[in-house]
Amino acid sequence: MTWARVGTADLLECGSCEGTWVEAATFEHICASRESQAAVLHTSRETAQPQTRLPPVRYRPCPRCGKMMNRVNFGKVSGAVVDVCKGHGTFLDRGELHQIVRFIQTGGIDRARAAEREEIIEEQRRLRDLERMHTRLSPADGIGVWTGADASDASAALAVFLAALLDRS
């Protein structure tokens, strides 16, 4: 692995697999900085092409701590499945950094957040509908369901949980 500089970012590139290791802070900087994104797009590496056949799933150890990294679809919908060690950084296969930058620059993150918001709103609506249905049922119906305050408490707790998820993204 050798260090490479893209704009102001230092990346560690693997000569054998052509993958790239990006430290956590550097990856966040690239994702937030238009200047860094432009530098990435001006490098000569080509973008990852969609494959007709999926390669076998391989879990990689983090080069810093040795623990197995999590595979994550960047932005949940970008199609770039990257290997992430939450505390240390991200390993990207050849072309995935370009793919991610293009996803960001074409509004992909904003679209993903909007879709997630819509899913949360729909889930909240569904929960309200369920709550209404459950409060109409009585124990005399012989059905063990939440009623009244219990259903409202559960619905409120879930709404707080979903709102927290939305704030995290």
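Here are a few things to note about the model shown:
- The single condition among (1) surrounded by fewer than 19 Cβ atoms within 10 Å (Cβ to Cβ); (2) at pLDDT 85 or above that residue 50 does not meet is (2).
- Condition check for residue 58: in a helix (DSSP H, G or I), more than 13 Å from the chain's Cα centre (by Cα) and surrounded by fewer than 19 Cβ atoms within 10 Å (Cβ to Cβ): no
- Taken over the range 1-28, the criterion of being part of a strand (DSSP E or B) and modelled with pLDDT of 80 or more is satisfied by 10, 11, 12, 13, 20, 21, 22, 23.
- Answer residue from the range 115-159, given it is surrounded by fewer than 11 Cβ atoms within 10 Å (Cβ to Cβ) and modelled with pLDDT of 85 or more and is nearest to the chain's Cα centre (by Cα) among those: 118
The values are calculated or read from the model by the stated rules, or taken from the named source; none is laboratory data. Just so you know, these numbers come straight off a predicted model, no measurement behind them. Reconstructed Cβ throughout: ideal geometry from the backbone, glycine too, with neighbour counts over all protein chains shown.
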